[in-house]
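Single-structure report; data block below.
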Amino acid sequence: AIVLEVGLGGRLDSTNVCAPSISVVTSIGLDHQHVLGKNLVQIAAEKAGIVKHGVPVVSGVVDPAAQAVVESTAREHDCTHWQLGRDFQFQSTVEPNWGSRLIYMGPGDPATKIETVLPLEGTHQCRNAAIALATVEALGQQGISISSSEMAQGLAGLTFPGKVEPFHLPDGVLAVVDVAHNEDSVTALCDCLRNRFIDRSMAVVFGTSVDKSAEVMLQQLTSMSDEI
C-alpha cells in the first residue's frame, strides 16, 4: 500500500495520474491563495479535485461551506463519503506528561471504538489520527483488514519531527519546535502551548517566508507569549 500526498491543491496536481483505493481530504485552510483561490470554498473545490468516480472519500474538513463542496463533489462522482463529525467522531484530552488521549468512534453498527494514548500534542493531531483511523476502516471494506489493536498500536508509536517537538535544554528550559506556517496551523500551535504551559513563561522565535500571512501569525503568537 502507498500513501501518496498531494503536492499542492488537488485538481491539477500530478498525483491525479494515479488510481487510488481511497481519497482523503484532511482539512481546508487559507494557504497558497495565489494558486488555489482566495477563500475556503475555492480552495475546497481545488482540493476536492482528487475525488475519482466511485472511489470512497474520507473528509476531516470542518468549515461548513467547504464541507458542502466536498460532499457535492463526492455525490457527483457517486462516491461513498465519510465525514468527520457525522460518520465518525473523536474525543481528546491532554495527557499529564506529554501527548494526548484519543477516543475514536467509527461508523457502522456496532461502531468501532478505539482508545489510545497519542504521543503527539494537540487536538488537531487527534483529529488527524481520527481521519487516519476512518481511512483504515474504509479500506477494510475493500478487504484490506487491520484490527483495532493494530491501529491503536500504530498510533502509540508515532513520532512527528517538527510538530510541537520538545527539546529539553539545561536549567529546566523546554524548547518546542513547530513548522506552523499559516493561520490555521499557528492557531493549533497556540492552543497546544496554552493547554500545556498555562503557568509557564514563553518566549517565541518566529520566522516565515514572504508569501505567508506573517502579520496575522505574528499577532497570534504575540497574544500568548511573554517575549517574541
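The values are calculated or read from the model by the stated rules, or taken from the named source; none is laboratory data. Given the structure is predicted, the values throughout are model-derived calculations rather than measurements. Positions of Cβ are backbone-derived with ideal geometry, glycine not excepted, and every protein chain shown enters the neighbour counts. Heavy atoms of the whole protein, side chains included, go into the accessibility calculation; ligands, DNA and RNA do not. Shrake-Rupley method; radii C 1.70, N 1.55, O 1.52, S 1.80 Å.
Out of the DSSP beta bridges found with both residues in segment 52-111, what percent are antiparallel (nearest 5)?
Details: 6 of 10 bridges.
In segment 52-111, DSSP labels about 60 percent of beta bridges as antiparallel.
Grab the Cα-Cα distance for Thr80 and Glu115, subtract it from 0.36 nm times how many residues apart they are, and report the gain in nm with one decimal. Please list the in-between numbers first.
Working: separation 35, 0.36 × 35 = 12.60 nm, distance 2.57 nm.
Length gained, Thr80 through Glu115: 10.0 nm.
Report, by chain and number, residues whose modeled amide H sits under 5 Å from the one on Leu118, excluding near sequence neighbours (fewer than 5 apart, same chain).
Ser100, Arg101, Leu102
With a 1.4 Å probe and all protein chains kept in place, how do Val6, Val57 rank by accessible area, largest first?
Of Val6, Val57, the descending order of accessible area is Val6, Val57.
Shape call for the chain from the C-alpha gyration tensor, a ≥ b ≥ c root eigenvalues: rounded (a/c under 1.5), prolate (a/b greater than b/c) or oblate? All intermediate terms of the calculation are to be shown ahead of the outcome.
On the way: a/c = 2.20, a/b = 1.32, b/c = 1.67.
Because a/c hits 1.5 or more and a/b fails to exceed b/c, the chain counts as oblate.
What percent antiparallel are the DSSP beta bridges of the chain, to the nearest 5? Before the final figure, lay out the partial values.
Details: 16 of 24 bridges.
Antiparallel: roughly 65 percent of the beta bridges in the chain.
Of the candidates His53, His168, His124, which one comes out as most mobile in a Gaussian network treatment of the chain with C-alpha springs shorter than 10 Å?
His168
Within segment 64-91, name every residue whose backbone N is under 17 Å away from a label modeled 7 Å from Cα of His53 along the Cβ vector.
Hits in segment 64-91 for His53 at 17 Å: 73-80.
Could you compute the FRET efficiency for Gln42 and Glu215, with r as their C-beta to C-beta distance and R0 at 22 Å, rounded to 0.05? Show your work: numbers first, answer last.
Values: r = 22 Å, r/R0 = 1.00.
The pair Gln42/Glu215 has a calculated efficiency of 0.50.
If I stretch the segment between Arg11 and Phe197 completely, what's the gain in nm (0.36 nm per residue apart, minus their alpha carbon distance), one decimal?
Numbers: separation 186, 0.36 × 186 = 66.96 nm, distance 4.03 nm.
The span from Arg11 to Phe197 would gain 62.9 nm if fully extended.
Just to be sure I understand: of the beta bridges DSSP finds with both ends in segment 79-160, what percent are antiparallel, rounded to 5?
Working: 12 of 13 bridges.
In segment 79-160, DSSP labels about 90 percent of beta bridges as antiparallel.
Suppose we take every Cα in segment 93-136 and form the convex hull; what volume per residue is that in Å³? Show your work: numbers first, answer last.
On the way: hull volume 2.7 nm³, N = 44.
Looking at segment 93-136, the number lands at 61 Å³ per residue.
For the chain, set up a GNM with springs between Cα atoms under 10 Å and report which of Asp184, Asp171, Asp199 has the largest fluctuation.
The residue that fluctuates most here is Asp171.
Sort segment 36-126 into rounded, prolate or oblate with this rule: let a ≥ b ≥ c be the square roots of the eigenvalues of the Cα gyration tensor; rounded if a/c is under 1.5, and if a/c is not under 1.5, prolate when a/b is larger than b/c, oblate otherwise.
Working: a/c = 3.03, a/b = 1.60, b/c = 1.89.
Oblate, because a/c is 1.5 or more while a/b does not exceed b/c.
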